Amino acid sequence: MTLTVSDAAGQRMDAYLASQLTDLSRSRIQFLIKEGHILLNQTKVKARVLLKTGDSITIEVPEDKPIEPEPEDIPLSILHEDSDLIVTNKAPGMVVHPAAGNDTGTLVNALLHHCQGQLASEGGEGRPGIVHRLDKDTSGCIIAAKTNSALTHLVSQFAERETAKLYLAVTQSPPTRTHQTVSNHIARHPVHRQRMDVCKPGSGKTAITDLHVLHTAENGTSLILCALHTGRTHQIRVHNRFQGHPLLGDPIYSKPARQLSKPTRLMLHAWRLGVTHPTTGEWLQNEAPIPEEFAPWTNPVTALLDQIRLIHDSRELDALW
């Protein structure tokens with residue numbers, strides 16, 4: 001592929017390419033430039049080089065080598081396991097499945113070892129058994145399928161919004177409303193490829209999150225209960241930032257200089273996950289213990305959290321408010 005620069009004079013080459021090659025992240029583009037797969041006027045250059053009108057950029061993207069994850073003896077916190085599925089409490093910092101830059105040490109590697117290879121093969125290349133994902137820095141409930149039939153059933157539940165997903169988050173400032181539903185469209189940011197952003201209707205995908213303020217500390221940081229109706233990438237992080245109160249410890253969407261509290265992690269936890277069991281048809285509710293880092297915000301509202309635990313389906317939360 002060859003691109004001729006016409007209206008991007010003075011722009012960095014990697015930034016320009018990120019706006020043109022929307023299927024590649026900016027970091028991926030920078031790597032391709034560094035390795036000589038992207039040339040400027042047939043010459044290897046640095047990603048930060050400034051473009052001139054008439055410049056010719058030649059792009060050759062090598063085919064990704066298939067990633068075959070290997071079993072690794074990594075400790076898992078198991079919340080539920082049977083012959084069809086396994087639910088674990090993912091630790092913050094753990095990547096769900098192998099990808100560029102994270103070939104080992106993932107949840108898939110750990111599951112392959114624990115389940116002795118018994119994971120659904122139709123989860124996708126390098127993603128056996130994976131039904132849904134959590135961000136690397138998010139902790140909490142995540143489910144994997146052991147059989148292909150269980151995988152199909154569970155994936156359908158997530159797609160049809162038949163699951164119940166409750167997250168706990170701590171924001172760097174208090175929301176203006178105690179209870180609200182955020183409904184808009186989310187797409188990948190056109191320039192900053194690691195970020196998602198709210199976009200105009202007609203583009204992106206529908207994203208709906210209920211936000212309930214459970215506790216606000218003296219410094220204004222707030223504990224938020226987030227009920228997901230959809231499952232878009234970075235949805236909770238984007239919606240809280242869009243409302244003016246990004247999450248504490250968020251390396252992408254928050255402004256560290258404005259954070260009164262200095263957490264050691266992203267303050268987002270997939271607390272409760274409810275699904276219909278693919279074989280028995282019974283409702284399976286799992287809860288990942290609340291991390292110690294959340295204690296300053298959760299300890300004052302233990303009774304309220306106990307009330308929420310009694311709710312069968314997050315769609316019934318309105319009865320509490």
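The values are calculated or read from the model by the stated rules, or taken from the named source; none is laboratory data. Keep in mind that what you see is a predicted model, and the values were worked out from it rather than measured. Please note: Cβ atoms are built from the backbone with ideal geometry, for glycine as well, and neighbour counts cover all protein chains shown.
Among the residues of segment 221-237, are any more than 26 Å from A91 (Cβ to Cβ), among the small types (G, A, S) and assigned by TED's automatic domain parsing to the domain that holds D250? Looking for residues that are more than 26 Å from A91 (Cβ to Cβ), among the small types (G, A, S) and assigned by TED's automatic domain parsing to the domain that holds D250, one finds none in segment 221-237, hence no.
Listed by position, the strands (runs of 3 or more DSSP E) contained in segment 192-245 that have at least 3 residues being crowded, with 18+ Cβ neighbours inside 10 Å are 205-216, 222-228. For segment 263-313, the set of residues classified as free of Cβ contacts under 8 Å to residues at least 12 places away in the same chain and farther than 20 Å from F158 by Cβ consists of E292, A295, N299, T302, A303, D306, L310, listed by residue number.
Does segment 79-92 hold any residues that are of a type in the set (A, V, I, L, M, F, W, C) and either in contact with a helix residue (DSSP H, G or I) (Cβ under 6 Å, 6 or more places away or on another chain) or more than 16 Å from R133 (Cα to Cα) (or both), and which are they?
Keep residues of segment 79-92 that are of a type in the set (A, V, I, L, M, F, W, C), which gives 79, 85-87, 91.
Result: L79, L85.
Enumerate the pairs (first residue in segment 214-233 and on the phi > 0 side of the Ramachandran plot; second residue anywhere and assigned to a loop (DSSP other than H, G, I, E, B)) with beta-carbon separation below 6 Å, excluding pairs fewer than 6 apart on the same chain, so at least 6 apart or on different chains. Once the first residue is on the phi > 0 side of the Ramachandran plot and sits in segment 214-233, its partners that are assigned to a loop (DSSP other than H, G, I, E, B) give G220/S173; G220/P174.
Run down N299, N286 and say which single residue is modelled with pLDDT of 95 or more, within 22 Å of L76 (Cα to Cα) and among the polar types (S, T, N, Q). Give the derivation first.
On the way: N299 fails: within 22 Å of L76 (Cα to Cα).
Going through N299, N286 in turn, just one is modelled with pLDDT of 95 or more, within 22 Å of L76 (Cα to Cα) and among the polar types (S, T, N, Q): N286.
Count of segment 75-113 residues, restricted to those that are without any contact (Cβ under 8 Å) to a residue 40 or more places away in the chain, crowded, with 18+ Cβ neighbours inside 10 Å and either of a type in the set (S, T, N, Q) or farther than 26 Å from G281 by Cβ (or both), is 7.
Based on what the data block shows, is T176 touching a helix residue (DSSP H, G or I) at 6+ places or on another chain (Cβ under 8 Å), of a type in the set (S, T, Y) and not assigned by TED's automatic domain parsing to the domain that holds R28?
Working: touching a helix residue (DSSP H, G or I) at 6+ places or on another chain (Cβ under 8 Å): no; of a type in the set (S, T, Y): yes; not assigned by TED's automatic domain parsing to the domain that holds R28: yes.
Criteria not met by T176.
Residue count for segment 26-54 under the criterion of being in contact (Cβ under 8 Å) with a residue 40 or more places away in the chain and over 29 Å from the mean Cα position of the chain (by Cα): the result is 5. Taking every residue in segment 125-150 that is in the same structural domain as R237 (by TED's automatic domain parsing) and pairing it with any residue that is part of a loop (DSSP other than H, G, I, E, B) and surrounded by fewer than 20 Cβ atoms within 10 Å (Cβ to Cβ), at least 6 positions away or on another chain, yields no pair with a Cβ-Cβ distance below 9 Å.
To keep it simple, each residue is scored yes or no on (1) of a type in the set (V, I, T); (2) under 25 Å from I311 (Cβ atoms); (3) part of a helix (DSSP H, G or I).
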| residue | (1), (2), (3) |
| --- | --- |
| G93 | no, no, no |
| V108 | yes, no, yes |
| G117 | no, no, no |
| K136 | no, no, no |
| L154 | no, yes, yes |
| E162 | no, yes, no |
| Y167 | no, yes, no |
| T176 | yes, no, no |
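Return the total of residues in segment 277-321 being aromatic (F, W, Y) and more than 24 Å from the chain's Cα centre (by Cα). Steps first, answer last, please.
Just the residues of segment 277-321 that are aromatic (F, W, Y), to begin with: 283, 294, 297, 321.
Those still in the list that are more than 24 Å from the chain's Cα centre (by Cα) too: 283, 321.
Count: 2.
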